[in-house]
1. Compute the long axis of helix 162-172 from its Cα atoms, compare it with the longest principal axis of the Cα atoms of the chain, and write down the angle in degrees, 0 to 90, nearest 10.
2. Could you give the nm distance between label points at Arg3 and Ser109, where each point is 7 Å from its Cα heading toward the beta carbon?
3. Give me the distance in nm between label points sitting 7 Å out from Cα along the Cα-to-Cβ direction at Val141 and Leu187, one decimal.
4. Take the Cβ-Cβ distance between Arg22 and Tyr154 as r, set R0 to 25 Å, and report the resulting FRET efficiency rounded to the nearest 0.05.
5. Which residues make up the longest stretch of the chain clear of trypsin sites (Lys or Arg not before Pro) that lie in a DSSP loop with no more than 16 other Cβ atoms within 10 Å, not counting the sites?
6. Please report the relative contact order for the stretch 56-120, taking Cα pairs under 8 Å with a sequence separation of at least 6, and give it as a percent rounded to a whole number.
7. Run the numbers for His30 and Met42: contour at 0.36 nm per residue of separation, minus the present Cα-Cα distance, in nm.
8. Could you name the lysines in cross-link range of Lys123, using Cα to Cα under 22 Å and dropping any fewer than eight places away on the same chain?
Amino acid sequence: MGRTRIREVKDEIRVLGVDDGRFKPRYSKHVVLIGVVFRGGMWLEGVLRSRIEVDGMDATDRIIEMVKSSPHYGQLRVIMLSGITFGGFNVVDVRRLYEETGLPVIVVSERMPDMDRIREALKNLPEWEERWRLIRGAGEVFEVEVVEGSKPIYVQAVGMSKEKAVEVVRKTCVRGRVPEPIRVAHLISSAVSEAC
């Protein structure tokens, strides 16, 4: 599949939102990873599931597999991640995710990442320098005010312009400041975690 170029952000753009479930630090070996396919911010069209190692190095591979094996793959236009790390510090290589799926990637955080604190925490893990390289290589973090006067969210974009990323984020935020694909992925991943 070639790379997706977004010329116009349509109201019904198909976005895959990804979030991880809950886990017990130092006890859990794996954590569930949920992807939800949304048409704009209004219609849930599909749910995908995988699992990753807690503090592992397999998040990028699992998300690529999830995307490419999905029956929705040909209709997806953007991958939206709830942060750049899942299952603790299992860091997503967003540039590789873009290269291998052909889909632009938007990383969304509710708080501005504290890079100094993240770097120090990573030093407790194997391959910490590689994890740090992936985090630093994910691009500029910029603020997006979803609704004028509201608290901002923080976004990184790979494979698309900052302006287009802001448009996608705003079109998918219909029930608050968190984009619907990520909000619903979080709800499902939390429920699945509690059921396991």
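Nothing in this text is a laboratory measurement; each read-out follows from the coordinates by a stated rule. Everything quoted here is computed from the prediction, not taken from an experiment. Cβ sites come from the backbone with ideal geometry, for glycine too, and all protein chains shown count toward neighbours.
1. Between the helix axis and the principal axis of the chain, the angle is about 80 degrees.
2. About 2.5 nm, to one decimal.
3. Each label point is offset 7 Å from its Cα along the Cβ direction, giving 2.8 nm.
4. Working: r = 22 Å, r/R0 = 0.89.
So the FRET efficiency works out to roughly 0.65.
5. In the chain, the maximal stretch lacking such sites is 30-110.
6. Details: 60 pairs, mean separation 24.8, N = 65.
Computed over the stretch 56-120, the figure is 38 percent.
7. Details: separation 12, 0.36 × 12 = 4.32 nm, distance 3.09 nm.
Full extension from His30 to Met42 adds 1.2 nm.
8. Leaving aside lysines fewer than 8 places away in the same chain, those within reach of Lys123 are Lys24, Lys29.
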